[in-house]
Amino acid sequence: MTEQRADTGGGISLAYERIGEPGGEPLLLVAGLGQQLHSWPTAFCERLAARGYEVIRFDNRDAGRSTRAAFRPPSVPAMLLGRWPAEQYSLGDLAADTAGLLDALGLDSAHVVGVSMGGMIAQTLAATHPRRVRTLTSMMSATGSRRAGLPAPSTWRLMTARPPRSRAEAVEHATRMFRHIGSHGFPFDAEHVREQAGLAWDRCPSAAGTGRQLGAILRSGNRTAELRSITAPTLVIHGDRDRMVHPTGGAATARAIPGARLETIRGLGHDLPRGVWPRLLDLIDHHARRGERPATTGSADAPSAS
């Protein structure tokens with residue numbers, strides 16, 4: 001497991017790691033808002049790899065060691081009013097980055113698993129590059145509708161607090177945030193959260209990228225109509241204690257995507273506590289095996305027939 005970088009086109013370079021034996025079923029993990037590749041815990045990835053997958057985790061644009069934009073993030077009032085910097089990208093751009101990563105790795109397609117914003121990117125990839133996605137697993141995510149999946153008011157207050165200016169502040173902020181949005185039905189591992197937050201600061205001591213990524217989510221708006229075009233076998237996973245993306249977001253996602261199946265996990269919030277790993281590993285693995293389809297020929301991005 002060695003961190004590498006890949007040119008995905010358009011001046012974007014993504015940092016990534018591959019875990020597992022080459023030649024295994026490719027399984028791409030897409031991280032959430034402001035999160036980095038290690039937000040998918042190494043031990044979790046290794047357990048997926050032990051089931052026969054080659055697991056790929058990566059930093060999205062504006063996170064970790066991937067390319068970071070230079071423009072100033074839009075303010076919250078500007079985002080709510082739809083006033084975007086000319087350089088503001090969208091979820092479609094982040095999905096194109098992801099497709100470019102598959103190209104750079106020589107993969108026609110992969111099983112794609114996204115969490116939170118990563119679920120939105122994975123959904124968009126499945127809608128706009130249908131032949132790149134063997135199966136789709138959307139976790140703790142939403143459709144962009146303002147009627148479903150909204151954060152709790154208390155979560156908004158934490159999200160809009162002054163960004164951390166030091167490693168110590170970053171660790172404290174992450175601990176406070178995940179104690180709030182985390183899984184109240186499972187033990188809270190504060191030491192793990194602090195360790196992950198410190199690593200994130202060491203890899204990228206800036207919170208500006210998170211603001212630009214949030215802009216990508218809000219600029220993309222309600223994607224419900226787009227999601228109706230998804231043909232990949234889809235599993236939607238959501239917790240019933242999620243304060244970051246209300247459980248209605250998962251329900252709306254499952255309704256929008258034809259044939260999607262919703263799995264609600266009691267006690268799960270907006271994190272990946274070790275106690276839920278066995279359930280998640282089984283769900284992801286069984287869905288990928290049930291939904292596996294033969295490799296296609298021709299253009300990887302050509303629309304598939306319904």
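Below are the figures for this structure:
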read-out: Candidate set: region 95-114, residues that are in contact with an Asp or Glu (Cβ under 9 Å, 6 or more places away or on another chain) and surrounded by 24 or more Cβ atoms within 10 Å (Cβ to Cβ); chosen: the one farthest from Ala260 (Cα to Cα); value: Ala110
read-out: Residue in region 177-188 that is in contact (Cβ under 8 Å) with a residue 40 or more places away in the chain and of a type in the set (S, T, N, Q) present; value: yes
read-out: Candidate set: region 265-289, residues that are of a type outside the set (Asp, Glu), more than 26 Å from Ala174 (Cβ to Cβ) and without any contact (Cβ under 8 Å) to a residue 60 or more places away in the chain; chosen: the one surrounded by the fewest Cβ atoms within 10 Å (Cβ to Cβ); value: His286
read-out: Matching entry among Ala96, Ala86 (being in a helix (DSSP H, G or I) and either of a type outside the set (Val, Ile, Thr) or free of Cβ contacts under 8 Å to residues at least 40 places away in the same chain (or both)); value: Ala96
read-out: Failed criterion for Asp7 (all others in (1) free of Cβ contacts under 8 Å to residues at least 12 places away in the same chain; (2) touching a strand residue (DSSP E or B) at 6+ places or on another chain (Cβ under 8 Å) hold); value: (1)
read-out: Matching entry among Val193, Val245 (being crowded, with 19+ Cβ neighbours inside 10 Å and over 27 Å from Ala78 (Cα atoms)); value: Val193
read-out: Residue in region 294-303 that is modelled with pLDDT of 95 or more, of a type in the set (Gly, Ala, Ser) and either outside any loop (DSSP other than H, G, I, E, B) or surrounded by fewer than 19 Cβ atoms within 10 Å (Cβ to Cβ) (or both) present; value: no
read-out: Long-range neighbours under 7 Å by Cβ, at least six apart or interchain, first residue within 17 Å of Arg255 (Cβ to Cβ) within region 124-145, second among the acidic types (Asp, Glu) and crowded, with 24+ Cβ neighbours inside 10 Å; value: Met140/Asp242
read-out: Boolean, Gly118 is of a type outside the set (D, E, K, R), surrounded by 19 or more Cβ atoms within 10 Å (Cβ to Cβ) and within 24 Å of Asn222 (Cα to Cα); value: yes
read-out: Qualifying residue in region 202-218 (condition: surrounded by fewer than 16 Cβ atoms within 10 Å (Cβ to Cβ) and modelled with pLDDT of 95 or more); value: yes
read-out: Set Arg65, Arg61, Arg47: member being charged (D, E, K, R), surrounded by fewer than 20 Cβ atoms within 10 Å (Cβ to Cβ) and assigned to a loop (DSSP other than H, G, I, E, B); value: Arg65
read-out: Number of positions in region 227-241 that are of a type in the set (Ser, Thr, Tyr) and within 10 Å of Ala254 (Cβ to Cβ); value: 1
read-out: Single residue of Leu102, Leu80, Leu125, Leu107 found to be in a helix (DSSP H, G or I), over 23 Å from Asn222 (Cβ atoms) and not charged (D, E, K, R); value: Leu102
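The values are calculated or read from the model by the stated rules, or taken from the named source; none is laboratory data. Since this is a predicted model, take the numbers as computed values, not measurements. Using ideal geometry, Cβ is built from the backbone for each residue, glycine included, and neighbour counts are taken over all protein chains shown.
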